[in-house]
Protein chains: 4
Amino acid sequence: MQLGIVGLGKMGSNMRERIRRAGHTVVGYDRTPELSDVKSLAELVGQLDAPRHVWVMVPAGTATQTVIDELRDLLSPGDTVIDGGNSRWTDDEKHAAELGVRGIGFVDAGVSGGVWGLEHGYALMVGGDKERVERLRPVFDALKPEGPYGFVHAGRVGAGHFSKMVHNGIEYAMMQAYAEGWELLEKVDSVENVREVFRSWQEGTVIRSWLLDLAVNALDEDQHLEGLRGYAEDSGEGRWTVEAAIDNAVPLPAITASLFARFASRQEDSPQMKMIAALRNQFGGHAVEKTD
Amino acid sequence: MQLGIVGLGKMGSNMRERIRRAGHTVVGYDRTPELSDVKSLAELVGQLDAPRHVWVMVPAGTATQTVIDELRDLLSPGDTVIDGGNSRWTDDEKHAAELGVRGIGFVDAGVSGGVWGLEHGYALMVGGDKERVERLRPVFDALKPEGPYGFVHAGRVGAGHFSKMVHNGIEYAMMQAYAEGWELLEKVDSVENVREVFRSWQEGTVIRSWLLDLAVNALDEDQHLEGLRGYAEDSGEGRWTVEAAIDNAVPLPAITASLFARFASRQEDSPQMKMIAALRNQFGGHAVEKTD
Amino acid sequence: MQLGIVGLGKMGSNMRERIRRAGHTVVGYDRTPELSDVKSLAELVGQLDAPRHVWVMVPAGTATQTVIDELRDLLSPGDTVIDGGNSRWTDDEKHAAELGVRGIGFVDAGVSGGVWGLEHGYALMVGGDKERVERLRPVFDALKPEGPYGFVHAGRVGAGHFSKMVHNGIEYAMMQAYAEGWELLEKVDSVENVREVFRSWQEGTVIRSWLLDLAVNALDEDQHLEGLRGYAEDSGEGRWTVEAAIDNAVPLPAITASLFARFASRQEDSPQMKMIAALRNQFGGHAVEKTD
Amino acid sequence: MQLGIVGLGKMGSNMRERIRRAGHTVVGYDRTPELSDVKSLAELVGQLDAPRHVWVMVPAGTATQTVIDELRDLLSPGDTVIDGGNSRWTDDEKHAAELGVRGIGFVDAGVSGGVWGLEHGYALMVGGDKERVERLRPVFDALKPEGPYGFVHAGRVGAGHFSKMVHNGIEYAMMQAYAEGWELLEKVDSVENVREVFRSWQEGTVIRSWLLDLAVNALDEDQHLEGLRGYAEDSGEGRWTVEAAIDNAVPLPAITASLFARFASRQEDSPQMKMIAALRNQFGGHAVEKTD
């Protein structure tokens, strides 16, 4: 099977490699000439037989929109665009409609796997028409991990990114769960070996998981994480998960708490706690700490 | 009416003054000789006619326990001890039992008012037998604000401190409410005058309150609170409120969030967010910020 | 001064009345003929001298957009539209731009006061150009409560609705604060008179407020609220506050917890807790409760 | 090696079986004669050679205290009691002191594994003196899963139960994470096959775990969990985790949210939301839902 891939960053280039290893033909394009197989998007399209399949693997938002706009003009009716980036699910319906006007199909694919994907495979959550998704199965089979898991046709257009988004929301709260437990264990004197407690949990416990394995790896590198700052970025998916919850009136207390913890971690000082300090000072004469 | 007061810190000495202004006789004792009316607790007891009433106004915990132990040996059956400090409600039953063995009564009084109490009166939440509480009414009437509010016989022994504790829990969440709103307003560019927004809310809005008035006072002193650190202590009552909620299986999400925000405000760096950073680095190769 | 008002529901008609009482001329239009002073929006515009001022007081979203679209065609350069509804702040810039193309000005006004506004005045948070806001001062002065508070020119277009939105977010968390405290007090046996505890707090405490006064009113009508279901709607503003916080990476734990509590209150049963029950059953053999 | 086990419920009897399979001699005692190997605790002690090791596996609290009190009188200096129940870590120091007066040693063991333990082994988190813990290694080795994990000597007396408690706190938040994600996916129309989304996550994703496997099992039995009520008990450990966090000023937002979600799941109606409804009615004339 033939596939075009647009965007050859760490994710895109590893995916190209994994699909090629499975015996398929992949033409990759990237704005950076050294990474690219072809000189232009037009050349990429020209090298594929119809009906063409082009996998877009560029940052969500403007970059993805730009590529989709260009592909709309380059592709033909019957071709299919797959958005494998981290697009917001609300963009998917829009993109499907924009391409649909020209008879071009659209499939959204949420991709999990990160730096481990080339070796172990990428988990794929896919949304779109049954027929188009089936036609792309050889590519999905090449990307996914061995065995019965790691691929799902989740539903209609948008369902792939929505599922991946929720995956990331769950991920936030699971990470927060281990992080909270770790801090509490580190705080009490009687527990003398927190790292070994974490290690012991890797078998026979209710909370064993891949994230726990990673936590042990991290503690093996730096037992008390003394070399790190408690500073965590958040990607769009965590925010979108909470926004989707608000749209649907679903309470997400643990996931939202995890998102807010990241926001707070990036503040030099907390404005809201300045107000708390100010109010305590006003009504109780409680001492405040002055900035220098 | 005669009253003994033990503990003449800021609260105790102001309360002594307010009760005296109402025409009652107050004998105060404090370990610090310059503050004290008498040389010893024994002398305080000796100066009161039976049945005696002794108001204990010292820090909760060991200090209160010590005074109650001493009073148990100095007082006589029919006398009454009032604990007006910030004792945990679970101590009240214990203290009532310890004194009750000697025929000495016990009343617990949660006191609100802080530095404004001398002038405006202290809100009092009282627990104990109806008869003893009634006998103390002249003292309560002297302490409380003018008008129909500011005093309640909340229930049995412990109910006064429990009510005061919940008052403080509510206070935590109200302060947090204003603080969160203030931070959000300060963050957006279009709102050019957050202080005046707060000021405008002081009349005609659903959220007008005394705490809001204090917030405006604070912003008048330092419009963006630039001189303060976002650092907030918590007293026992906030913690106890959450513990009481857990004992009673009552969900308190807003009050608990407010308590946790204070905990976090006092951390130089967040251990749990170090773990989040470490995990992100493990699975995604996300950059971490190193400590120096 | 002359003013047109579009939308004569409970809010709009009371505001018309309050402005008229201040001696101004108000022409009101409503789709419902019995409520309306004129037969059409065109007639309303025709009865006002230029430069005209038209206050829109209809539901946020489609209804407001429709009125603004119609006014854009009916009004003239130099006229001003005031959106006093509960529009999302992000709509304000859009509306300002749409009207601005025709030389029509735009001012957004967040209005608080509810059913108490006619008598006590409405708190107003206003966004827009200084000059236009100043020209409308007689109307704002008529609407606002007596005294120095209740009106603010918060900033640029959007700042009025943004401030009102944050006001409502704070309101959510304040209500939640009292509600949590009330539930905890009601749960423990020693506190025998929760209503009187709340009443006592109305003077001399840190948590005295208008909302507390309302809580006491509610408890006077139904001491244990036995006649009510624990079911609470949420308006758009609470949701938007959390969304604005996410946009700005501001942690709002207490306000968000309050919003989620409302979501949960409207669920017949909790899907997420079904999953918790299912998981407990899987790993622990814990009994589950079956639906009938 | 010889071991006495007190308490032969589901956990105790399975553990007895697993230790016997490893070739050790186990004498079990239970109050229920049909379950017991001996007629009394005294007989159990009599059948063991000194230095004796007696594993207590009865409910935390009064039952455990009673057994420890009895063993204190039956055992001899140099013997060791292991508390493998779900005792609160604060009980461990007390028990160690009570037994220590008679020269009897104490080791606390947090045990995870539930109904799967007999087959797969039990994860063990142990606290106590290094020497005593080492002497018990053959028993721990028999109980733990195969391989390098599943056992840790976490630290001093109390560290075993503390670690197990934190394990359970983490478990609460992980379960909540999946449950929140599941509810959100079930709520949106575009995602047509939530169960298959969950199944797909079992390989190649960041959130793969044993709990996820269990979630898929549960969904295979009842795809939308329609047969279950959203009702979840909580054991002591979740509550104690939050209390330990409060004692140590550690913020645990996700774990606490998970605990509160369970509290709320058990309420027929929410008292706090009655208050919210009452307040909305007071200030806004918002309709309330009456109980029948």
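The values are calculated or read from the model by the stated rules, or taken from the named source; none is laboratory data. What you are looking at is a predicted structure, and each value in this text was computed from that prediction instead of being measured. Using ideal geometry, Cβ is built from the backbone for each residue, glycine included, and neighbour counts are taken over all protein chains shown. These area figures cover heavy atoms from the full protein model, side chains too; ligands, DNA and RNA do not enter into them. Shrake-Rupley method; radii C 1.70, N 1.55, O 1.52, S 1.80 Å.
Answer yes or no: is there a residue in segment C:159-170 that is more than 20 Å from D:ALA277 (Cα to Cα), out of contact with any His (no Cβ under 6 Å at 6 or more places or on another chain), crowded, with 24+ Cβ neighbours inside 10 Å and among the hydroxyl-bearing types (Ser, Thr, Tyr). There is at least one residue in segment C:159-170 that is more than 20 Å from D:ALA277 (Cα to Cα), out of contact with any His (no Cβ under 6 Å at 6 or more places or on another chain), crowded, with 24+ Cβ neighbours inside 10 Å and among the hydroxyl-bearing types (Ser, Thr, Tyr).
Based on this model, can you work out whether A:PRO138 counts as free of Cβ contacts under 8 Å to residues at least 40 places away in the same chain and over 19 Å from D:GLY181 (Cβ atoms)?
When the stated conditions are applied, A:PRO138 does not pass them.
The number of residues in segment B:14-36 that are closer than 20 Å to B:THR80 by Cα, open to solvent by less than 70 Å² (accessible area, probe 1.4 Å) and not hydrophobic (A, V, I, L, M, F, W, C) comes to 5. With respect to the conditions (1) open to solvent by 20 Å² or more (accessible area, probe 1.4 Å); (2) under 26 Å from A:GLY150 (Cβ atoms); (3) under 25 Å from the mean Cα position of the chain (by Cα), A:GLU131 falls short on a single one, namely (3).
On the given criteria, is C:SER265 touching a Phe, Trp or Tyr at 6+ places or on another chain (Cβ under 7 Å), at the interface with another protein chain (Cβ under 7 Å from one of its Cβ atoms) and surrounded by fewer than 21 Cβ atoms within 10 Å (Cβ to Cβ)?
It is false that C:SER265 is touching a Phe, Trp or Tyr at 6+ places or on another chain (Cβ under 7 Å), at the interface with another protein chain (Cβ under 7 Å from one of its Cβ atoms) and surrounded by fewer than 21 Cβ atoms within 10 Å (Cβ to Cβ).
The helices (runs of 4 or more DSSP H) located wholly in segment B:180-251 that include 1 or more residues which are over 27 Å from the mean Cα position of the chain (by Cα) and free of Cβ contacts under 8 Å to residues at least 24 places away in the same chain occupy B:194-200. When restricted to residues that are facing chain A (nearest Cβ under 9 Å) and not hydroxyl-bearing (Ser, Thr, Tyr), segment B:224-252 contains 9.
What number of residues within segment C:158-181 satisfy the criterion of being touching a helix residue (DSSP H, G or I) at 6+ places or on another chain (Cβ under 6 Å) and either under 16 Å from C:MET11 (Cβ atoms) or more than 7 Å from chain B (Cβ to nearest Cβ) (or both)? Before the answer, list the steps.
Of the residues in segment C:158-181, the ones touching a helix residue (DSSP H, G or I) at 6+ places or on another chain (Cβ under 6 Å) are C:158, C:161-163, C:165-166, C:168-170, C:172-181.
The next check asks that each one be either under 16 Å from C:MET11 (Cβ atoms) or more than 7 Å from chain B (Cβ to nearest Cβ) (or both); those that pass are C:161, C:165, C:168, C:172, C:175, C:179.
Going through segment C:158-181 one residue at a time, the tally reaches 6.
Within segment C:268-279, the set of residues being open to solvent by 30 Å² or more (accessible area, probe 1.4 Å) and touching an Asp or Glu at 6+ places or on another chain (Cβ under 7 Å) comprises C:PRO271 only.
Scanning segment B:182-191 for residues that are at the interface with chain C (Cβ under 7 Å from one of its Cβ atoms) and surrounded by fewer than 24 Cβ atoms within 10 Å (Cβ to Cβ) yields a count of 3.
Mind checking which residues of segment C:141-192 are of a type in the set (Lys, Arg) and farther than 30 Å from B:ASN248 by Cα? Walk me through it before giving the result.
Just the residues of segment C:141-192 that are of a type in the set (Lys, Arg), to begin with: C:144, C:156, C:164, C:187.
Within segment C:141-192, C:LYS144, C:ARG156, C:LYS164 meet the criteria.
Considering (1) open to solvent by 40 Å² or more (accessible area, probe 1.4 Å); (2) part of a helix (DSSP H, G or I), the lone condition that B:PRO59 does not fulfil carries the number (2). Of the listed requirements (1) more than 23 Å from C:PRO59 (Cα to Cα); (2) more than 10 Å from chain B (Cβ to nearest Cβ); (3) buried (at least 19 other Cβ atoms within 10 Å of the Cβ), C:TYR149 misses just one: (2). How about segment C:192-232: which of its residues are open to solvent by 30 Å² or more (accessible area, probe 1.4 Å) and either under 17 Å from D:MET273 (Cα atoms) or among the β-branched types (Val, Ile, Thr) (or both)? Answer for segment C:192-232, where residues must be open to solvent by 30 Å² or more (accessible area, probe 1.4 Å) and either under 17 Å from D:MET273 (Cα atoms) or among the β-branched types (Val, Ile, Thr) (or both): C:ARG195, C:ASN217, C:GLU221, C:ASP222, C:GLN223, C:HIS224, C:GLU226, C:ARG229, C:TYR231. Within segment D:70-105, the set of residues being assigned to a helix (DSSP H, G or I), open to solvent by less than 50 Å² (accessible area, probe 1.4 Å) and touching a residue at least 12 places away in the same chain (Cβ under 8 Å) comprises D:LEU71, D:TRP89, D:ASP91, D:ASP92, D:HIS95, D:ALA96, D:GLU98, D:LEU99. Quick check on segment C:86-95. Is at least one of its residues at pLDDT below 95 and within 17 Å of C:LEU143 (Cβ to Cβ)? Checking segment C:86-95: at least one residue is at pLDDT below 95 and within 17 Å of C:LEU143 (Cβ to Cβ).
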